[in-house]
Amino acid sequence: MFLSVFDLFKIGIGPSSSHTMGPMTAAVRFLNEVLSDDWPRPAGVKVDRVGASLHGSLAYTGVGHGSDRAVVLGLTGQTPQTVDPDEADAILARVAAEKRVSPPGHPSYRFDPSADLVLDKKTPLPGHANGMTFYAYDAGDRLLLKRIYYSIGGGFVVSDEELQRMKARGSVTTEGRKVPYPFKSAAEMLAMAARSGLSIADMKRANEETHTSREELDKGLDAIWDAMRGCIERGLNQEGIMPGGLKVRRRARQLHDKLQEQWQQNRPNPLLANDWLSIYAMAVNEENAAGGRVVTAPTNGAAGVVPAVMRYWLHFHPEADQASIRDFLLTAAAVGGIIKSNASISGAEVGCQGEVGSASAMAAAGLCAVMGGTPEQVENAAEIALEHHLGMTCDPVAGLVQVPCIERNALGAVKAVTAASLAIKGDGKHFVPLDAAIETMRQTGIDMSEKYKETSLGGLAVNVVEC
C-alpha cells in the first residue's frame, strides 16, 4: 500500500484519530458492506437492526476519546471529513431519542445506543489493541452479518482480512502501485537521494505525481496547511473549560495575549521562539480536545506538533514561502511513512512515542529540509527527535486527550526545532541511524505494558486525582 501525504495528513475531527476518526470510518465501511451483495443472506430477509462492540483500548478510553459518539455518528452516515462538529450533539440526541439510525441511501435501522453499542473491556480482539465488531440483524434479531475492523493509528482502518495480509507482508509497502522512489526505510531513502541528486521532498513529490497532477498535489498540500492554520487560529481565539469532566481550562488564548503584550512593549525574551511554539501547539490540541476540526499529523493526539513548527517557520524565518510549506509537508510525510511502515504511529500499540515521537521526527525533518538541510541532515534531525521520545507512554488522565497530551505536543514541537537546529549545524554523520531508532521504538512498544498504551490504566492516568 503506497502511503500518500494525504494518508498521513487527514482532515477530520478530534479528539482522536484512532478512537474517533477510525471508529467513525469503520461504521461507514460497515454500512457500505450491509448494502453490498458480497455476503450471503436468506431470500427476502432484510437488515432491521445494527449494533457494535468496541474492544481493547477503544473500550477502556472510548468514552473519553469520543469513540462511542463516533460510532453513532458513523452509523448515521457521517464521515470524519464531512461531519459538522457543531451539529454532532443534535444528531446524537436524535438517535438516542428515536433509537434508530437513518443513513443516506439506506432504510432506517433499529439502533439503541444504550443497548446496541457495547464497550467490551473483557474481550480484546487478537489483531490490534483498537478492535471493533459490527453486527447486522433481521427483524427477529437473527445475526445476518458480522464484521471486524481495526483502527491502526492516524485514522487508518483495516478489516480483519486486510490486517492479516498486512502482517503477512511484514510491513506497509508500496505494493500495488509503482513509484519512481519506493523507499521503505531511511537507508533506502538516503541511497536513492544520493543516486538521483534529489531532495527528499522532490522524491516524495515524484512518487505522489504518479497518481495525481502537480496542480492537484499542490492544491491538496495547500488545503492541508490551510486547515492546520485555521485550527491554530480557532484555538488562539477560544476560551473556557474543555469538555469531559476534568475541568481543564483552555490556556492558549491567554498565553497568546501575554506574548503579544510583551512583543508590543519590546521586552527581551530569550525564550520567545519556544513560547510561540508551545502556544501554537497547545492551540491545536485544545481544539482537538474540544472535538474541533484538525489534521492528523500523523495522529490527532499529536496533531499540534507539525503545525506549530510550520507556523514557527513562517513566523521567524523571512525566507519562508508557500513553496517551502509544501516541501515541509512532503518531507514530513516521507519520514512519517517510513515510521508507520516499520513501527507504528498508534498510541494503543506502542505508547505516545508512536504519536508525539513520530510527529516530532516528522516536524524536525520538515524544518531541517526547508532550512536547507541535505538529505543526511534531514534524516539526522528526524532521528534526534525520535530518539528522545523513546519509551514515552500513553497515559491520558480520565481517557481524555487533554492531560498530558496538550502540553506534550508543545514539548514535542520544541524538541523538533532543537533537533533540526542541531542537525543542520552538523554534516549529517551521526551514530544512531533513524532506522535503528524506529526499530527501537517498535521493540519498546512490544515490551511496554498494556497499561501504558492508551488504556488509562497506568502512569499519570492513575496517579492524578480527577477533579
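The values are calculated or read from the model by the stated rules, or taken from the named source; none is laboratory data. All values derive from a computational prediction rather than experimental measurement. In this analysis, Cβ positions are derived from the backbone assuming ideal geometry, glycine residues included, and neighbour counts consider all displayed protein chains. Only protein heavy atoms, including side chains, enter the accessible area calculation; ligands, DNA and RNA are left aside. Shrake-Rupley method; radii C 1.70, N 1.55, O 1.52, S 1.80 Å.
Descriptive notes on the structure:
- Largest-first ordering by accessible area, 1.4 Å probe, given options Glu162, Glu454, Glu407: Glu407, Glu162, Glu454
- Each listed q (0.25 Å⁻¹) maps to a log10 I(q)/I(0) for segment 213-273, found by the Debye formula over equal Cα scatterers with no solvent: -1.00.
- The mean of 1/r over all pairs of different alpha-carbon atoms in segment 261-331, once inverted, gives a Kirkwood hydrodynamic radius of 13.3 Å.
- Measuring spread by the Cα atoms of the chain yields a radius of gyration and Dmax of 21.9, 78 Å.
- Taking the Cα centre of segment 290-428 as origin and assigning +1 to Lys and Arg Cβ atoms and -1 to Asp and Glu Cβ atoms, the resulting dipole is close to 360 debye.
- Taking the chain and dividing mean pair separation by its residue count, relative contact order in percent (alpha carbons under 8 Å, at least six apart): 18
- Our estimate of slack between Thr210 and Lys167, defined as 0.36 nm per intervening residue step minus the Cα-Cα distance, is 12.9 nm.
- Proximal aspartates and glutamates to Lys99, defined as alpha-carbon separation beneath 17 angstrom and excluding residues fewer than eight positions away on the same chain: Asp48, Asp68, Asp89, Asp112, Asp116, Asp138, Asp141
- Computed label-point distance, nm, for sites Gln254 and Ala43 using a 7 Å Cα→Cβ extension: 7.0
- Relative to the longest principal axis of the Cα atoms of the chain, helix 434-447 runs at roughly 40 degrees.
- Kirkwood hydrodynamic radius of segment 372-467, Cα pairs, Å: 14.8
- Debye-sum result for segment 192-305 in log10 I(q)/I(0), which assumes one identical scatterer on each alpha carbon, at q = 0.16, 0.23 Å⁻¹: -0.85, -1.19
- Accessible area per residue, Å², segment 331-427 with all protein chains present, probe 1.4 Å: 22
- Unit charges at the beta carbon, dipole of the chain: most positive-side option, Gln264, Val401, Ala413: Val401
- Listed residue (His211, Pro375, Asn463) projecting farthest to the positive dipole end of the chain, Cβ model: Asn463
- Computed over segment 304-361, the convex hull of the alpha-carbon atoms projects to a mean area of 4.0 nm².
- Taking the charge dipole of the chain about its Cα centre, with +1 at Lys and Arg Cβ atoms and -1 at Asp and Glu Cβ atoms, the residue from Ser53, Gln164, Ala187 reaching farthest to the positive side is Ser53.
- Rounded to the nearest 5, the antiparallel percentage of DSSP beta bridges internal to the chain is 80%.
- Expected-Rg normalisation [2.2 N^0.38 Å, Cα atoms] applied to segment 308-467: 1.05
- Taking segment 232-328 and dividing mean pair separation by its residue count, relative contact order in percent (alpha carbons under 8 Å, at least six apart): 25
- Per-selection metrics, segment 1-102 (Cα): Rg and Dmax in Å: 14.9, 45
- Bins of 10 Å, starting at 0 and running to the largest distance - Cα pair percent for segment 93-235: 9, 21, 26, 25, 15, 5, 0
- For the chain, size of Cβ-based charge dipole, Lys and Arg +1, Asp and Glu -1, in debye: 500
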